[in-house]
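Step one of this worksheet: look at the structure below.
The values are calculated or read from the model by the stated rules, or taken from the named source; none is laboratory data. These numbers were taken from a predicted model, which means no experiment stands behind them. Quick reminder, even Gly has a Cβ in these numbers, built from the backbone with ideal geometry, and neighbours come from all protein chains shown.
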Amino acid sequence: MNKINYKPQKEEISATPRRTGKFLRETDSRILIDSQLCQVGWDVKDKNQVLTEESAANGRADYLLLDSRSRPLAVIEAKRFSINPNLAQEQAKEYAESIDAPFVFLSNGETIFFWDYKNSGARQVDSFYSREDLERRNVLSKQTRPLKEIGIPDKFYYFNKEITVRPYQKEAVSAVDIAISKGKRRMLIEMATGTGKTLVIAMILKRLFESGIAQKVLFLVDRKNLAEQAREVLAEYLRGYEPKVWYGGKSREFGRIVIGTLPTIASQLERFSPGHFDVVITDECHRSIYNLYRNLLNHFDAFHIGLTATPNLGHYEYINEKEKKLVRNTYEFYECWNHATKSGEPTFAYDIVDGIKDGFLADYSIYLAKTRITVQGLNYDGVDYKPSDLERKITIRSRNKLMVEEFRLHETQLGGDHLRKTLVFAVTKNHAAQLKEHFDAVFPEFKGEYAKILTSDTPNSDQILADLKKQAFPICLISVGMLDTGIDAPSVENIVMMRPTASVILYQQIRGRGSRLDLNIKKKSFLIYDFVDNASRFNDPMLANTMPGDKALPADFNKYVDEERKRKPFDFVIVPESEISDEITSREIINIGPEGMAIDRKAYTEKFAEKIKSMETEPIVKKVLDDKILTNEEIQKLTEKLNSPEYYFNQENLQEAYKEPSGSIVDFIKAVLGRYKFPTKKERVEDAYFSWLRQKNFTSEQTKLLVQLRDRFVAGDVEITTEDFTKPPFSDQGGISYALSIFGEDNLKETLDELNQTVLI
């Protein structure tokens with residue numbers, strides 16, 4: 001699909017009714033429908049594309065969309081805002097059948113339903129389909145065959161090696177087959193790190209391609225290196241399907257499979273109608289559901305398959321409330337939440353305990369450290385401790401020196417004929433830099449090559465990772481937020497936790513970095529060095545498997561409760577900001593560069609503006625200003641030029657400095673030169689609100705009340721609760737009693753929770 005260039009003229013804008021929740025006339029709805037059709041590339045004035053008031057059985061179709069050969073594609077039934085358009089199904093179907101249009105849209109200008117009435121039920125969509133996407137979906141619907149007719153292979157060749165498909169991988173593929181055959185369009189696969197999630201997805205996609213169910217796929221990741229890893233697997237297994245990787249800037253490369261980072265696809269969402277992709281795969285999907293990228297996922301009307309190694313929290317005793325909600329939201333998005341049992345039931349699950357038991361994952365032991373970092377007094381943001389607070393607790397030279405010395409002592413005691421590859425998890429870049437000093441000091445024989453730092457702005461990070469896996473040095477990587485997820489390093493035999501966490505999900509992800517087997521070094525197990533009491537905080541299922549010589553613990557450790565845990569694991573002291581002088585300061589600085597150099601946020605943005613203005617006459621920048629799409633080579637050249645050792649002008653740092661988490665390098669360049677304006681907080685909240693509302697099926701009474709909530713709280717950072725219905729204007733309309741009467745108690749609470757979590761946070 002070509003980029004949508006339609007922009008309403010002034011007279012159109014002034015004539016367009018505001019979507020305020022008022023009861024609009026059908027003619028008002030049609031003005032909105034016309035605008036929405038134009039936004040996805042339809043020319044509503046071209047009678048070869050769009051007809052209105054077309055004769056049909058027992059009436060007239062409000063709109064008839066035509067394909068490129070002027071054949072009927074879809075009927076649009078328009079209703080006024082106060083009517084749920086889904087109520088017009090039978091009328092619209094009768095029109096479509098008489099005209100021989102394969103599809104139906106139902107819309108009141110605010111809510112849109114798409115209905116492939118010969119094959120599935122009606123479902124709410126984010127907008128209309130483009131002509132190209134509607135035509136392609138029509139072709140697909142006529143050439144599919146049942147998945148049960150396609151066998152699941154026992155073996156396949158992968159990088160010139162014969163691979164035997166594992167039993168649980170077959171079960172995962174079969175589970176998706178069954179779900180699709182039952183009409184499900186959202187599925188969740190939970191598989192522990194190291195069990196081959198991406199390969200399972202490759203097997204599933206091949207079957208969807210061969211059955212004719214899918215033609216175009218979007219594979220979403222949140223980091224560039226994860227995109228490259230996915231591309232490598234898919235390109236090898238799905239030869240001929242040309243997976244293309246998108247990150248940063250714009251791309252013209254449309255393969256059968258597009259692998260994109262979440263920020264990149266979010267910044268280019270206007271290029272796609274909801275029907276552009278048939279399947280959307282989201283890796284580590286729990287991170288996408290709970291934040292701004294949920295709107296991205298909701299945009300695509302596709303089969304959604306979520307991949308994660310972490311949502312199942314069943315083994316763990318203490319889970320904070322926000323992560324419980326995160327996991328629940330993940331299950332709900334993928335339609336796997338059982339409201340009766342209040343538990344998640346994924347399409348398929350295979351966790352680390354299963355993998356160890358079946359011999360497909362490395363077993364692990366836990367070395368319980370002799371020092372403990374207390375969490376008392378740390379600020380807690382709902383999911384994890386604040387890095388600035390952690391740094392004050394952790395970056396203490398004597399303590400860090402003691403832990404590194406303890407690590408060296410124990411590694412020496414273990415002996416062996418090789419140096420054990422190690423991942424160390426630090427709190428901040430400053431903490432990592434200090435740890436590097438200590439590792440250099442206690443391993444002097446390696447002349448500074450034993451350990452290296454890996455952060456988001458480390459130059460040549462891909463090469464450093466490759467060296468860890470394939471070269472003798474480095475032995476150890478010290479990471480800040482880079483190795484939590486998605487790094488495939490089977491040779492790692494040590495996981496060193498030097499940062500406490502209140503997040504069981506992060507704990508699982510860190511632990512999972514060591515779980516892969518490595519036949520080259522005969523690795524069957526790994527060791528977790530826990531210097532910060534994470535394992536006991538979450539009652540890790542392997543706690544009984546501790547190293548000989550560790551500090552003695554009771555034999556029945558699973559029942560062990562120390563004094564700290566008696567107080568509730570997350571009942572922390574919240575220290576007011578006014579009492580922490582450096583807390584406020586930390587909000588005004590950002591850390592850049594591999595050593596975590598601090599720089600004033602304002603100075604950073606000013607220097608970036610100076611740099612861009614000095615480059616204004618350069619061809620690449622001129623191309624950006626002319627709204628021309630950069631090639632991947634040009635994007636790489638621009639990135640390298642900006643990411644200098646002095647200021648590290650990269651996308652991640654700029655997003656933090658400008659507080660624009662979805663901004664791209666191109667967006668920031670245009671903003672500096674006055675060619676782009678980031679949406680205001682109010683605009684973001686309103687967009688998120690209406691996107692969320694369009695995915696729901698509320699009554700007109702419920703919608704009216706929710707719109708009033710939006711109008712009242714759109715500009716604030718407040719959380720909406722049932723108590724707000726006791727205040728004007730809601731108290732004048734019957735207050736909480738009225739709200740309960742139209743929602744019901746459970747539904748009202750769930751709706752407000754979801755509104756707070758997906759729109760107002």
Could you give every pair whose Cβ atoms fall below 7 Å, whose first residue belongs to the range 454-472 and is under 22 Å from I521 (Cα atoms), and whose second residue is surrounded by 11 or more Cβ atoms within 10 Å (Cβ to Cβ) and basic (K, R), counting only separations of at least 6 or pairs across chains? I464/K452; L468/K421
Out of everything in the range 149-166 that is of a type in the set (D, E, K, R) and out of contact with any Asp or Glu (no Cβ under 7 Å at 6 or more places or on another chain), what residue ends up being surrounded by the most Cβ atoms within 10 Å (Cβ to Cβ)? R166
Among (1) closer than 23 Å to A214 by Cβ; (2) assigned to a loop (DSSP other than H, G, I, E, B); (3) out of contact with any strand residue (DSSP E or B) (no Cβ under 7 Å at 6 or more places or on another chain), which single condition is D301 missing? (3)
Since V353 meets every condition but one in (1) touching a helix residue (DSSP H, G or I) at 6+ places or on another chain (Cβ under 6 Å); (2) surrounded by fewer than 18 Cβ atoms within 10 Å (Cβ to Cβ); (3) at pLDDT below 90, which condition does it not meet? (1)
Read through the list (1) of a type in the set (G, A, S); (2) outside the structural domain of T111 (by TED's automatic domain parsing); (3) surrounded by 18 or more Cβ atoms within 10 Å (Cβ to Cβ); (4) touching a residue at least 60 places away in the same chain (Cβ under 8 Å), then give the number of the only condition that A227 fails. (4)
I'd like the full set of residues that are in contact with a helix residue (DSSP H, G or I) (Cβ under 8 Å, 6 or more places away or on another chain) and either at pLDDT 95 or above or among the acidic types (D, E) (or both), limited to the range 80-100. none
Give me a count of the residues in the range 727-739 that are surrounded by 12 or more Cβ atoms within 10 Å (Cβ to Cβ) and either among the hydroxyl-bearing types (S, T, Y) or modelled with pLDDT under 75 (or both). 2
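Residue by residue, here is whether (1) closer than 30 Å to D687 by Cα; (2) touching a Cys at 6+ places or on another chain (Cβ under 9 Å); (3) in contact (Cβ under 8 Å) with a residue 40 or more places away in the chain holds:
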site	(1), (2), (3)
E135	yes, no, yes
N138	no, no, yes
T144	no, no, yes
L147	no, no, yes
I150	no, no, yes
F156	no, no, yes
F159	no, no, yes
E162	no, no, no
V173	no, no, no
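Residue-wise test of (1) in contact with a Cys (Cβ under 6 Å, 6 or more places away or on another chain); (2) touching a residue at least 60 places away in the same chain (Cβ under 8 Å); (3) crowded, with 21+ Cβ neighbours inside 10 Å.
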| site | (1), (2), (3) |
| --- | --- |
| V200 | no, no, yes |
| G212 | no, yes, no |
| Q215 | no, yes, no |
| F219 | no, yes, yes |
| E232 | no, no, no |
| V245 | no, no, yes |
| F254 | no, no, no |
Out of (1) more than 31 Å from the chain's Cα centre (by Cα); (2) under 15 Å from V75 (Cα atoms); (3) at pLDDT below 95, what's the single condition that is false for N108? (1)
Does I76 satisfy the condition of being surrounded by 19 or more Cβ atoms within 10 Å (Cβ to Cβ), of a type in the set (V, I, T) and more than 31 Å from the chain's Cα centre (by Cα)? yes
Kindly indicate whether R60 is over 30 Å from F698 (Cβ atoms) and of a type outside the set (A, V, I, L, M, F, W, C). no
Which one of N591, N653 is buried (at least 16 other Cβ atoms within 10 Å of the Cβ), at pLDDT 70 or above and within 26 Å of the chain's Cα centre (by Cα)? N653
Listed residues Q169, Q89; which is surrounded by 15 or more Cβ atoms within 10 Å (Cβ to Cβ) and closer than 29 Å to R207 by Cβ? Q169
Within the range 518-539, work out how many residues are within 23 Å of D354 (Cβ to Cβ) and surrounded by fewer than 19 Cβ atoms within 10 Å (Cβ to Cβ). 6
When you check I163 against the structure, is it part of a helix (DSSP H, G or I) and of a type in the set (A, V, I, L, M), yes or no? no
